[in-house]
1. Restricted to region 239-266, and to residues that are open to solvent by less than 100 Å² (accessible area, probe 1.4 Å) and charged (D, E, K, R), which residue is farthest from Glu194 (Cα to Cα)?
2. Looking for something within 28 Å of Ser197 (Cα to Cα), in a helix (DSSP H, G or I) and open to solvent by less than 90 Å² (accessible area, probe 1.4 Å) - is there at least one such residue anywhere in region 274-284?
3. Just to be sure before I move on: is Ile198 closer than 24 Å to Glu122 by Cβ and either among the β-branched types (Val, Ile, Thr) or open to solvent by less than 30 Å² (accessible area, probe 1.4 Å) (or both) in the structure I sent?
4. Determine whether region 293-303 contains at least one residue that is small (Gly, Ala, Ser) and surrounded by 12 or more Cβ atoms within 10 Å (Cβ to Cβ).
5. Of all residues in region 141-169, how many are in a loop (DSSP other than H, G, I, E, B), within 18 Å of Tyr204 (Cβ to Cβ) and either touching a Lys or Arg at 6+ places or on another chain (Cβ under 8 Å) or aromatic (Phe, Trp, Tyr) (or both)?
6. When you go through Ile269, Ile236 one by one, which is the residue that is β-branched (Val, Ile, Thr), open to solvent by less than 80 Å² (accessible area, probe 1.4 Å) and either assigned to a strand (DSSP E or B) or in contact (Cβ under 8 Å) with a residue 40 or more places away in the chain (or both)?
7. Considering each of Phe182, Phe127 in turn, give the residue that is hydrophobic (A, V, I, L, M, F, W, C), modelled with pLDDT under 90 and farther than 14 Å from Leu256 by Cβ.
Amino acid sequence: MLFSLFNRAIIFLYNNNNNYNFPLVRNRIRYDVLYLIGGNMDKEELLQMFWKWLSIIIIIGIVICSIASLSYPKAFDISFIKDIYGILFTIFAAYTAIYLFNDWKVEKNFDTDVELLKACDENIIRFKKDLDIICNKIIKIYKEYENSNNYYIAHSLYKKKLELESQYLEDFFIHISRYLNFHEDKNFSLLVSEYYSISNEILYINKDFVTEIYKPIYDEIKKYSNVDLVDSTLSIRFPPNQEGVKRYLAQKHKVLRMNYINTGYLTEINKDNNKEEDRLLNYEEYYELMNDYYSKINTYIKKKIRA
């Protein structure tokens, strides 16, 4: 009986709308169902589909009920149609709720990722800020003597004890590791590992430079400085009776130079033979390599935060 009523409803709609394209409607239904099952729509599309088909079902139901009540006034039981609608709406509402929950879960995960990456960004910026001060002083000390045979006295290197570890660097690595636990990215993971490794090496190099290599030079030239606790360039003319001091400083600068120009290695692929080769880097080149890694990490984080 229900099937007969449905056919009569379709014929009624067709006779009252010659422009109604039923093959098109059938294809539209098939497309919407496959699209819904495939989960390829966002929240707005899902809500639009829900209201569209809810309206269509209600209209068809009204037409069927109207035809049934006119054709079979005694036999027609409207509670049957009500039960069918109840089942359909329950199923549709459940699927909609699940889909919206999944959409909420995606947004929640994105918010969590953003918080992790913001913590990473803040810690790596703070670490770089502290490290840049020390690294630039070391580069200045080397270049002043090499380029003009002057001495750069860096009082600021001894205002605060240098550590072999940085809490900012450790916090960055912890947060970025938590992020990578949920997002597999081999290239970025390798970049982070390289940055973390070279940063720790530079922390050690800086500590050794300040406490062992430069300290004897600093202790000697600060005797010739008229301004205490202010970093400055000194041009010292040693009298004949202090030639021994000049030779002592030259020897210490020779040690400084050897350590400066042999800071680290960079492994590269030789394009001619496609083999790995190690290239020796001086301190400034090693520092620039670390900054290059930092820039790439910073760009990645900003891109993810603003996605």
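The values are calculated or read from the model by the stated rules, or taken from the named source; none is laboratory data. Since this is a predicted model, take the numbers as computed values, not measurements. Every residue, glycine as well, gets a Cβ built from its backbone with ideal geometry; the counts of neighbours run over all protein chains shown. When the accessible area is computed, the model is the full protein with side chains, heavy atoms only, and any ligands, DNA or RNA have been set aside. Shrake-Rupley method; radii C 1.70, N 1.55, O 1.52, S 1.80 Å.
1. In this case the residue turns out to be Glu243.
2. So the first thing to find is which residues in region 274-284 are within 28 Å of Ser197 (Cα to Cα), and the list is 274-284.
Checking which are in a helix (DSSP H, G or I) leaves us with 283-284.
If we keep only those that are open to solvent by less than 90 Å² (accessible area, probe 1.4 Å) too, we end up with 283-284.
Scanning region 274-284 turns up at least one residue that is within 28 Å of Ser197 (Cα to Cα), in a helix (DSSP H, G or I) and open to solvent by less than 90 Å² (accessible area, probe 1.4 Å).
3. Working: closer than 24 Å to Glu122 by Cβ: yes; either among the β-branched types (Val, Ile, Thr) or open to solvent by less than 30 Å² (accessible area, probe 1.4 Å) (or both): yes.
Spelling it out, Ile198 is indeed closer than 24 Å to Glu122 by Cβ and either among the β-branched types (Val, Ile, Thr) or open to solvent by less than 30 Å² (accessible area, probe 1.4 Å) (or both).
4. At the first step, the residues of region 293-303 found to be small (Gly, Ala, Ser) are 295.
Narrowing further to those that are surrounded by 12 or more Cβ atoms within 10 Å (Cβ to Cβ): none.
The answer is no, given that none of the residues of region 293-303 is small (Gly, Ala, Ser) and surrounded by 12 or more Cβ atoms within 10 Å (Cβ to Cβ).
5. First, pick out the residues of region 141-169 that are in a loop (DSSP other than H, G, I, E, B): 149-150, 154, 159-166.
This time we only want the ones that are within 18 Å of Tyr204 (Cβ to Cβ), so: 160-166.
This time we only want the ones that are either touching a Lys or Arg at 6+ places or on another chain (Cβ under 8 Å) or aromatic (Phe, Trp, Tyr) (or both), so: 162-164.
Residues flagged as in a loop (DSSP other than H, G, I, E, B), within 18 Å of Tyr204 (Cβ to Cβ) and either touching a Lys or Arg at 6+ places or on another chain (Cβ under 8 Å) or aromatic (Phe, Trp, Tyr) (or both) within region 141-169 amount to 3.
6. Numbers: Ile269 fails: open to solvent by less than 80 Å² (accessible area, probe 1.4 Å).
Just a single option satisfies the conditions, and that option is Ile236.
7. Numbers: Phe127 fails: modelled with pLDDT under 90.
Exactly one residue qualifies, and that residue is Phe182.
Yes/no matrix, rows are residues, columns are (1) modelled with pLDDT of 95 or more; (2) in contact with a strand residue (DSSP E or B) (Cβ under 7 Å, 6 or more places away or on another chain); (3) part of a helix (DSSP H, G or I); (4) not polar (S, T, N, Q):
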site: Asp121; (1), (2), (3), (4): no, no, yes, yes
site: Asp132; (1), (2), (3), (4): yes, no, yes, yes
site: Cys135; (1), (2), (3), (4): yes, no, yes, yes
site: Ile139; (1), (2), (3), (4): yes, no, yes, yes
site: His175; (1), (2), (3), (4): no, no, yes, yes
site: Ile202; (1), (2), (3), (4): yes, no, yes, yes
site: Glu220; (1), (2), (3), (4): no, no, yes, yes
site: Asn226; (1), (2), (3), (4): no, no, no, no
